[in-house]
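In what follows, a single structure is set out as structure tokens and then discussed.
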Amino acid sequence: MVTGKAKSTTRRAKASASSEVSRITVTFEGLLMLFFNEKKRFCDVGILKDVPKDHPARILIIKKKNGASEILHDLPGDKLETRLWLDVQKQSPDIKARKGISFTRKSGNNDDDDIRWSLDFEGGEMYRDKIKVDLSGFRAILRINDGEFHTIKYSENELSLKKPGEDEKAIGAVATKIGADIQLSKRDVAYFSNGSYVLDPPLSAEEGVTYEIQVSQSETHNAKREQPLTQVDAESYYNVVASDLAPSRKIHFSVKARVTPDASCLTAVMSKSDSGF
């Protein structure tokens with residue numbers, strides 16, 4: 001893993017944490033698509049419907065206090081409603097990105113938690129513009145209205161891209177797990193909803209308490225080791241985006257070897273389009 005040196009966002013986070021009573025850490029791992037743009041008031045997280053069978057979807061909510069953990073809600077994929085919310089009610093909810101001073105994917109000088117480890121399907125490494133989104137390709141979409149988004153884990157191998165009319169090219173490691181840190185000050189509260197169901201009591205600011213919300217759609221233990229190189233999980237994203245592009249115009253993915261975490265099970269970002277939520 002590369003260890004970066006830039007710490008500008010860390011200093012900012014420490015400065016703003018003085019009023020923090022509790023923290024919610026939301027994690028996103030595996031075949032999920034984040035519609036992330038700092039100019040928007042929310043981030044939508046799409047959970048794909050059509051993925052390899054060894055990638056179960058799950059949302060797990062955990063409360064931690066004094067070294068003890070309590071599961072507040074365990075939601076398997078077949079119990080997900082089409083629309084979910086994490087509604088943070090505080091004075092100034094905001095969507096932010098954690099970034100270092102600079103980022104070049106293969107430079108060796110990037111911060112480990114820089115959000116730009118994620119592969120943006122509408123960014124410079126991919127299509128460079130909006131691409132079509134097919135809402136029906138999502139099992140569910142979770143809408144979040146607050147948090148500082150950052151990379152938790154990136155792949156041990158490199159992702160290669162095959163663009164139309166070009167030779168295959170390795171671009172480097174990509175994010176396979178993304179996080180969002182949400183600070184709760186006194187009287188702040190976060191409501192989790194699955195359709196019309198609202199988790200009660202909500203996640204509230206309480207001294208000595210932290211919360212973790214795990215949103216995942218990743219391979220089961222050892223499944224990746226047995227998967228042939230010709231099966232690339234990231235190709236599943238084409239079940240929800242770019243359906244209007246001819247196959248000859250699509251960018252395809254590959255890896256040279258299997259490791260854990262594996263670049264083919266990247267967590268994707270869409271920075272320009274809306275989810276259709």
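The values are calculated or read from the model by the stated rules, or taken from the named source; none is laboratory data. Treat the numbers as computed from the prediction; the structure is a model and nothing was measured. Quick reminder, even Gly has a Cβ in these numbers, built from the backbone with ideal geometry, and neighbours come from all protein chains shown.
If only one of THR220, THR210, THR230, THR260 is β-branched (Val, Ile, Thr), free of Cβ contacts under 8 Å to residues at least 40 places away in the same chain and either in contact with a Leu (Cβ under 9 Å, 6 or more places away or on another chain) or outside any helix (DSSP H, G or I) (or both), which one is it?
On the way: THR220 fails: free of Cβ contacts under 8 Å to residues at least 40 places away in the same chain; THR210 fails: free of Cβ contacts under 8 Å to residues at least 40 places away in the same chain; THR260 fails: free of Cβ contacts under 8 Å to residues at least 40 places away in the same chain.
Just one listed residue meets the conditions, THR230.
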Q: Exactly one condition in (1) of a type in the set (D, E, K, R); (2) crowded, with 17+ Cβ neighbours inside 10 Å; (3) under 26 Å from VAL51 (Cβ atoms) is not met by ASP134; state its number.
A: (2)
Q.
One residue is enough: does region 154-168 have a residue meeting the conditions touching a Gly at 6+ places or on another chain (Cβ under 8 Å) and assigned to a loop (DSSP other than H, G, I, E, B)?
A. yes
**Q.** Criterion: assigned to a helix (DSSP H, G or I) and either among the polar types (S, T, N, Q) or more than 23 Å from the chain's Cα centre (by Cα) (or both) - qualifying residue of SER243, SER236
**A.** SER236
Q: Give just the number: which of (1) basic (Lys, Arg); (2) out of contact with any helix residue (DSSP H, G or I) (no Cβ under 8 Å at 6 or more places or on another chain); (3) at pLDDT 95 or above; (4) farther than 22 Å from PRO76 by Cβ does LYS250 not satisfy?
A: (2)
(Q) Being modelled with pLDDT of 95 or more, touching a Phe, Trp or Tyr at 6+ places or on another chain (Cβ under 6 Å) and assigned to a loop (DSSP other than H, G, I, E, B) narrows it down to one residue among SER193, SER275; which is it? (A) SER275
Q: Identify, from the list LYS79, LYS90, LYS64, the residue that is at pLDDT 95 or above, touching a strand residue (DSSP E or B) at 6+ places or on another chain (Cβ under 9 Å) and crowded, with 17+ Cβ neighbours inside 10 Å.
A: LYS90
Q) So which pairs qualify, if the first residue must be in region 120-135 and on the phi > 0 side of the Ramachandran plot, the second must be assigned to a loop (DSSP other than H, G, I, E, B), the Cβ gap must be under 8 Å, and the two must be at least 6 apart or on different chains? A) ARG128/GLU122
Q. Scanning for something free of Cβ contacts under 8 Å to residues at least 60 places away in the same chain and more than 19 Å from the chain's Cα centre (by Cα), does region 174-192 turn up at least one residue?
A. yes
Q. Among PHE149, PHE103, which is more than 28 Å from GLN227 (Cβ to Cβ) and either touching a Pro at 6+ places or on another chain (Cβ under 7 Å) or free of Cβ contacts under 8 Å to residues at least 24 places away in the same chain (or both)?
A. PHE103
